[in-house]
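Presented below is the structure to which this report refers.
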Amino acid sequence: MKKNVKRIFFVIGVFGLWFFLLHGVDVASAKDPDYPTKPITFYIAFGAGGTTDLTSRAFSEAAAKYIGQSFTPVNKPGAGGTLTAMAVMTAKPDGYTLGICSPSNVFIAPYSEESPYKDLSGFTFVVNFGNYVYPLMVRTDAPWKTWKEFIEWARKNPRAAKIAITGARSVASQGFVLWQVEQREQVEFTYIPQKSSAEILSSTLGGHVTMYGSTVDPSTVPYLKEGKLRILSYLGAHKVPGYEDVPSLPELYGSEVAIPNLLGVFGPKGLPDYVLKKLDDAFAKAAKDPDFVSVMNRMYTPIVYMDRAQINKYVEETLPKVGKVIKIIKAEEAK
């Protein structure tokens, strides 16, 4: 009997040791009280050199000073930012994989038929550090000096206005706002999907499209200052410094006609509290870092800081509003 008991305890001990050897490292790393102990992979939802890329790199470099580890930026453009979103959502929730969230992969993607995710339950929203500026620009030799003049022309010339945006209307946040303008003004625009702001700028300057409908960055402002481009309005509340007198669409039509604006960081669902606290502290300090502030100023991108509670509230309130409009758009397109 005693031998049997000893044998049972021996077997239990062997299996216990085997389980610990297999899972002990995972258990230890799950707690990881010294997080972070290695570089953090940081997915950027758009290509190199643009507003999102440069501001995101500046923010992660600033955060690295305060969290004690570097961020490894990985550009993962495509599908309106959903490739980055999927890389984040499917990552292990240990704090070593984060990514950039933007209007397209947060507010538009869940309502797109092509999107691999239909809600935002797979993400943890950590911080917002900026907002995009969306000027609606035309060449200065265009016949319209104001948004009102442009709309009057567009009403008389259905679909003649070719507006270049980053992606098709149904997957681009710019299209979401401009559709609302079409309904209010009884006009019809033609949307020209482009891959980047640089491509949109080239198409506008070359006269291949009527209007520039993307974000502002250092490559576009010189053309404003040189008098080659004119701003007729803005898709959102933020404006280019020196051109604040141009009325925005929210000012013209009301706050509901405004682009959902987000430039922040999210991670996979289930990030531990100790990870979130470390990230909260580092990101709060990074948002005030002089080097980061300098880059944001050079990129004409306003710092709009929202902590974890604030960004989650903004996403929760904005998502259904966007969804309501997109569902109407889809119903009309299906007719």
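Toward the positive end of the charge dipole of the chain, with +1 on the Cβ of Lys and Arg and -1 on the Cβ of Asp and Glu, the farthest Cα among 260, 69, 271 is that of 271. Measuring between their Cα centroids, the range 254-326 and the range 94-159 lie 15 Å from each other. With the helix formula -39500 (n - 2.57) applied to DSSP H stretches of n ≥ 4, the chain reaches a computed 222 nm mean residue ellipticity of -14000 deg cm²/dmol. Evaluated with a Cβ-only charge set (Lys, Arg +1; Asp, Glu -1), the range 84-207 carries a dipole of roughly 280 debye about its Cα centre, given to the nearest 20. Solvent-accessible area assigned to carbon and sulfur over the chain amounts to 58 percent, based on a 1.4 Å probe.
Counting charges near residue 192 (Lys, Arg +1; Asp, Glu -1) among other residues having Cβ under 11 Å from its Cβ returns a value of +1. Electrostatic bookkeeping for residue 140 treats Lys and Arg as +1 and Asp and Glu as -1; over the other residues with beta carbon under 11 Å from its beta carbon, the sum is +2. Computed on the chain, with alpha-carbon pairs under 8 angstrom and 6+ residues apart, the relative contact order is 25 percent.
Evaluate the charge dipole of the chain about its Cα centre and quote only its size in Debye, nearest 20, assuming +1 on the Cβ of each Lys and Arg and -1 on the Cβ of each Asp and Glu. Walk me through the numbers before you get to the answer.
Values: 38 positive and 32 negative charges, 201 e Å.
Here the size comes out at about 960 debye.
Filter 118/313; 118/195; 239/324; 148/239; 239/285 down to the pairs with a C-alpha to C-alpha distance above 21 Å, please. In this structure, 118/195; 239/324; 239/285 exceed 21 Å between Cα atoms. Over all other residues within a Cβ to Cβ distance under 13 Å of residue 119, the charged ones net out to +1, with Lys and Arg as +1 and Asp and Glu as -1. Based on the alpha-carbon gyration tensor of the chain and its eigenvalue square roots a ≥ b ≥ c, which shape applies: rounded if a/c is under 1.5, prolate if not and a/b is larger than b/c, or oblate? Verdict is prolate for the chain. Oblate is the label for the range 286-335, because a/c, from the alpha-carbon gyration tensor with a ≥ b ≥ c as root eigenvalues, is 1.5 or above and a/b does not exceed b/c.
The values are calculated or read from the model by the stated rules, or taken from the named source; none is laboratory data. This one's a predicted model, so the numbers in the text were calculated from it and none came from an experiment. Please note: Cβ atoms are built from the backbone with ideal geometry, for glycine as well, and neighbour counts cover all protein chains shown. Heavy atoms of the whole protein, side chains included, go into the accessibility calculation; ligands, DNA and RNA do not. Shrake-Rupley method; radii C 1.70, N 1.55, O 1.52, S 1.80 Å.
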